[in-house]
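Scroll down for the structure; my scribbles are underneath it.
The values are calculated or read from the model by the stated rules, or taken from the named source; none is laboratory data. On a predicted model such as this, the values are computed, not experimentally measured, just so you know. With ideal geometry, Cβ positions are generated from the backbone for all residues, glycine too; neighbour counts draw on all protein chains shown. When the accessible area is computed, the model is the full protein with side chains, heavy atoms only, and any ligands, DNA or RNA have been set aside. Shrake-Rupley method; radii C 1.70, N 1.55, O 1.52, S 1.80 Å.
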Amino acid sequence: GSVVASYPYDDSPTHKPTGVYSKSADDEVFKYLAKAYASHHPIMRTGKPNCPGEEGETFQGGITNGAQWYDVEGGMQDYNYVWASCYEITLELSCCKYPPTSELQQEWENNRDSLLTFIEKV
């Protein structure tokens, strides 16, 4: 996991593991939605999730193009965009896939304003 808003495409024509910006036709819309979420999240907006084992990983403004971060062939985000015209972003909300119950209230506090902002944009 991480703390970042990722947007299409997750797959790239070259299928290099990382570092290839794979721009969609609606790139500006996706960046707008990702920024709307990330800019209201206290950790995500810093672009420095500081996840254990990945302390040096950074995301400008808390967002990333999926394939630039890491290439995913056949992912749902791309499939839904291409085949169903769904505008989806992927939200990585925690360094830990299954945070302990004791951390859930803080996770809600971290994401509440972002979720409300995102709903307003949609």
What is the calculated FRET efficiency for A84 to K121, with r their C-beta to C-beta distance and R₀ = 22 Å, to the nearest 0.05?
-> 0.65
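Hey, got the dipole for the chain? About the Cα centre, +1 on K and R Cβ, -1 on D and E Cβ, debye to the nearest 20? If you can, show how the numbers build up before the last one.
Working: 9 positive and 18 negative charges, 50 e Å.
Computed about the Cα centre, the dipole is about 240 debye.
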Placed amide H near S2: partners under 5 Å, 5+ positions off or other chain = L93, S94
Hey, in the chain, which Cys have no second cysteine's beta-carbon closer than 4.7 Å?
-> C86, C96
Phi-derived 3J(HN,Hα) across segment 30-36 with the Karplus relation (6.51, -1.76, 1.60, θ = phi - 60°), rounded Hz, x for Gly and Pro, is 4, 5, 4, 5, 5, 5, 4
Measuring from the longest principal axis of the C-alpha atoms of the chain, the long axis of helix 101-121 (C-alpha) lies at a number of degrees, nearest 10, equal to 50 degrees
If you take the charge dipole of the chain about its Cα centre, with +1 on Lys and Arg Cβ and -1 on Asp and Glu Cβ, which of L93, V82, T46 is farthest toward its positive end?
-> T46
Per-residue accessible area, 1.4 Å probe, largest first, puts M76, M44 in the order M76, M44
Just subtract the alpha-carbon distance of E28 and W108 from 0.36 nm times their residue separation and send over the number in nm, one decimal.
-> 26.0 nm
Relative contact order (%) - the chain, alpha-carbon pairs under 8 angstrom, separation at least six = 40 percent
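Rank V20, V82, V3 by accessible area, highest first, at a 1.4 Å probe radius? Numbers along the way, then the final one.
On the way: V20 30, V82 75, V3 10 Å².
My answer, sorted largest first, is V82, V20, V3.
With a 1.4 Å probe and all protein chains left in place, how much of the accessible area of segment 20-122 comes from carbon and sulfur atoms, in whole percent?
Working: 3520 of 6490 Å².
About 54 percent, which is the carbon plus sulfur part of the accessible surface.
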Once the whole set of protein chains is in place, how much accessible area is left on K121, using a 1.4 Å probe, in Å² to the nearest 10?
-> 90 Å²
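Determine the shape class of segment 1-60: with a ≥ b ≥ c the square roots of the Cα gyration tensor eigenvalues, call it rounded for a/c under 1.5, and otherwise prolate if a/b is greater than b/c, oblate otherwise.
Working: a/c = 3.12, a/b = 1.23, b/c = 2.54.
Oblate shape, in that a/c is at least 1.5 and b/c is the bigger or equal ratio.
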Just one of (i) 41, 35, 23; (ii) 44, 38, 36; (iii) 58, 27, 25 is Cα extents along the principal axes in Å calculated from these coordinates, so which is it?
-> (i)
